[in-house]
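One structure is given here, and the rest of the page talks about it.
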Number of protein chains: 2
Amino acid sequence: MSNRIILLAHGSSDRHWCETFEKLATPTLEAVDGSRIAYMELASPSLEDVIAEGANAGCTSFTIVPLFLAAGRHLRKDVPVMVKTLEAAHNVSIQLAPPIGESPQLGHAIRDAVVTELQADTQ
Amino acid sequence: MSNRIILLAHGSSDRHWCETFEKLATPTLEAVDGSRIAYMELASPSLEDVIAEGANAGCTSFTIVPLFLAAGRHLRKDVPVMVKTLEAAHNVSIQLAPPIGESPQLGHAIRDAVVTELQADTQ
């Protein structure tokens, strides 16, 4: 597989925070061959480590899917700078996708989760 | 309806950021009678405004569903303090649900969005 999907979370020193993201990522990691989770900061593996690992394995192109509900300063400013640096350092092409929260599937999942919880509460 | 669902987002001065959350909330707001979106800060309506509006309309209990992927400082510290203050100020009961990212539906939606995007890219 020449293109590798990377699910990018912010990262935290709080282990429970990272575990939530690992659970969120699991269905994708199981469904998409070669996909990885990575963190911007404060947790491992870092984005740099995951790009380096992929480049060493022969991947020349990556798609970063941000596990963020919306684009704030990190996605508008910090991550694009990281992407340019990593492209140059590893001679690879990196596409930064919109935040996952902009995908319509997420709004439907929020509805389903709320409705399920409501039904569970009233049973 | 005696219990009102409030989808709570962080808030931002960036209009595009808030629009992303309004889109995320729309399927729930359409499906769940009386539900509302509210912001912690930097955008309106505020959580306080939405609780006050509901209390004035006769609601005595609210469930806050955080539109956050995981629980950081805001959900562990700041929102519980806001909840206690609002309960006392409006003589209502407020339940703080876990962040929406802890619902399994979200991980499945991320997978579906990524797989759809991959398929779209390779067509």
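The convex hull around the C-alpha trace of segment B:1-63, projected and averaged over every direction, spans 3.9 square nanometres. Each Lys or Arg adds one and each Asp or Glu takes one away; over the other residues whose Cβ falls under 12 Å from the Cβ of A:Val81, this sums to +2. Distances between copies at A:Lys77, taken between label points 7 Å from Cα along the C-beta direction, are 2.3 nm in increasing order. For B:Leu7, the residues whose modelled amide H falls within less than 5 Å of its own, excluding neighbours fewer than 5 places apart on the same chain, are B:Arg36, B:Ile37, B:Ala38, B:Val65. Between amide H atoms placed 1.01 Å from N, distances below 5 Å from A:Phe62 occur with A:Arg4, A:Ser93, A:Ile94, A:Gln95, all of them 5 or more places distant or on a separate chain. Residue and distance for the chain B Cβ closest to the axis that moves B onto A, in whole Å, come to B:Ala109, 2.
Taking amide H as placed 1.01 Å from N in the peptide plane, B:Ser46 has its amide H under 5 Å from the amide H of B:Tyr39, each at least 5 places away in sequence or on another chain. Placing dummy labels 7 Å off each Cα toward the beta-carbon, the span from B:Ala88 to A:Val115 is 3.9 nm. Take every Cα pair under 8 Å whose residues are at least 6 apart in sequence, average their separation, divide by the length of chain B, and the relative contact order is 26 percent.
Here, each number is a calculation from the coordinates, and none is a lab measurement. Since we're looking at a predicted model, the values are computed, not measured. Don't worry about glycine lacking a Cβ; one is built from the backbone with ideal geometry, like all the others, and counts go over all protein chains shown.
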